[in-house]
C-alpha cells in the first residue's frame with residue numbers, strides 16, 4: 001500500500017482497524033479506528049411502539065438539508081397508519097427507501113414535544129456520539145454499501161436487518177468521535193445558514209417581481225422606482241410591437257461543426273444540446289441564433305420553454321421547431337425576458353397553442369404577436385431589468401458560495417474518514 005496515503009489497515013484483536021488521512025493533533029497517537037457493523041454502534045429501531053394522545057409526526061419529505069422544516073402536530077386519531085415509533089432527542093431517522101438521497105434526520109428538539117416516526121424508516125440510537133454516527137452514514141462509502149444491499153429498482157430499499165450488518169469505521173475513543181462531529185457539524189451549520197440566505201434572496205426576488213409588474217386585473221405595478229413615479233402609466237401594446245421574428249437560415253456543410261441548442265421548460269433557459277457535424281444533423285432547415293435572441297420552443301412553450309440566448313452560445317443553430325425573436329427599438333430584451341415569466345404571459349402561451357394533447361400542442365406565433373399587454377417606457381424597462389439582473393448576480397454569487405461550502409465539507413469528510421478501499425465491507 002502506498003505510503004503517500006498515510007492510511008493504515010491492520011488487525012487488532014481479530015477486528016479490522018484503519019486510520020484516516022487527517023487526524024486532529026491530539027489524536028495522532030490515539031488507538032486506530034475500528035471497523036464495526038452498524039448494530040454494534042447503534043440500537044436499531046429501539047423506539048417503543050404505541051402512540052400518545054398527540055404528537056409531532058416526523059415525515060422525511062419535510063426534511064431539507066438535515067432540518068425538519070414542517071412540524072405537524074396531530075392527534076392519535078389523525079395519525080398515518082405507519083406512525084408508530086416514539087423518537088427520543090439524539091435519535092437518527094434513516095431513509096431506508098431510496099437511501100442515495102441521504103434525506104436523514106438527527107432529532108434535536110428544542111422543546112418538550114413528543115415526536116413519532118413512521119415504521120417505514122429506520123431509527124438509530126448511537127451508543128457513542130450520535131453526531132458522529134450521523135456524519136458517518138452520509139459518507140460515500142456507507143451509502144454505496146447500503147445501496148448494494150437494496151432491493152427494488154424504481155424505489156430501492158434496504159431492510160433493517162441488512163442495514164444492521166453494514167460496516168463502518170469508528171474512532172476507538174469517544175473524544176475523537178466528538179471532535180470530528182463538532183468539526184463537520186460546524187460546517188453543516190454554515191451550509192444551512194448559507195442555504196437560508198439563498199432561499200431568502202430567491203423569495204425576495206419573487207416578491208419583488210410581483211410588485212414590479214402589474215398583477216392580473218390591475219393597470220399599473222404596485223412598485224415603481226422614484227424617478228418613474230410621476231411618469232406616464234404603462235401602456236397596452238401588442239407583442240408584435242416589441243418583438244419581431246428574425247430568421248437567419250444557414251446551409252449546413254457536412255464536415256463543419258455546429259452547436260445545437262434547446263430551451264428548458266419552466267423558464268429554465270437556453271442550453272447547449274452538444275456539437276454535431278453537419279451531416280449528422282437530420283433536420284437540414286437550421287437557423288443561426290445570436291446573444292440576446294428570445295427563443296421559443298414551439299412544442300414546449302405550453303411548459304414555458306422560452307428564454308434569451310446567452311453570450312456563450314453565440315452562433316449556435318436551431319431548427320424551425322423554434323421561433324427566434326429580436327427586440328424592436330421600443331423593447332429592452334432583458335426586461336422582456338422577465339416580463340415573459342408573468343402568469344398572464346404564461347397563460348397566453350397556452351391560449352396561442354393548438355392541439356388536444358398538451359404534449360403535442362403547437363405554438364402559433366402570429367396569434368401570439370397580436371396579444372396585448374401593459375409595457376412601461378424603454379427607460380423604465382431598462383431600470384427594472386438592471387434591478388433584477390443585479391439581484392440574479394447576487395443570487396448566483398450565493399449559489400457559488402453554497403457550492404464551495406459543500407465541496408469543502410466533502411473534502412473534509414474524505415480526509416476525516418478512512419478511504420473506502422481500506423474499510424471492510
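Per the Debye formula on identical point scatterers at the alpha carbon atoms of segment 187-275, with no solvent, log10 I(q)/I(0) at q = 0.11, 0.25 Å⁻¹ is -0.71, -1.26. Peptides 165-178, 214-227, 400-413, 298-311, ordered by how many other C-beta atoms sit within 10 Å of their residues on average, highest first, read 298-311, 165-178, 400-413, 214-227.
The long axis of helix 378-416 is offset from the longest Cα principal axis of the chain by roughly 20 degrees.
The stretch between residue 329 and residue 225 holds 35.2 nm of extra length on full extension. This uses 0.36 nm per residue minus the Cα-Cα distance. The candidate values were (1) 22.0; (2) 24.3; (3) 26.3; the one computed from these coordinates for Kirkwood radius over Cα pairs in Å carries the label (3). Cβ-Cβ distance of residue 206 and residue 404, R₀ of 25 Å, FRET efficiency by 1/(1 + (r/R0)^6): the value works out to about 0.50.
In this rough spin-label picture, where each label sits 7 Å from Cα along the Cβ direction, the residue 267-residue 364 distance is 2.6 nm. Can you give the helix-only mean residue ellipticity at 222 nm for the chain, where every DSSP H stretch with n ≥ 4 adds -39500 (n - 2.57) and the sum goes over all residues, rounded to the nearest 500 deg cm²/dmol? Computed ellipticity for the chain at 222 nm equals -9000 deg cm²/dmol. Distance between the pseudo-spin-label points of residue 283 and residue 108 (7 Å out from Cα toward the beta carbon): 5.2 nm.
Give the angle, between 0 and 90 degrees and rounded to the nearest 10, that separates the Cα long axis of helix 174-212 from the longest principal axis of the Cα atoms of the chain. Orientation of helix 174-212: about 20 degrees from the principal axis. When each of the peptides 23-30, 325-332 is scored by how many other beta carbons lie within 10 Å of its residues on average, the order from highest to lowest is 325-332, 23-30. For segment 235-375, the C-alpha radius of gyration divided by 2.2 N^0.38 Å, with N the number of residues, is 1.04.
Annotation for residue 235 and residue 67: the two label points, set 7 Å from Cα along the Cα-Cβ direction, are 4.8 nm apart.
Peptides 89-102, 117-130, 42-55 ranked from most to least packed, by the mean per-residue count of other Cβ atoms within 10 Å: 117-130, 89-102, 42-55.
Read-outs: derived from the displayed coordinates by stated rules, not from any lab. Everything numeric here is computed off the predicted structure, so don't read it as measured data. Backbone-built Cβ (ideal geometry, glycine too); neighbour counts: all protein chains shown.
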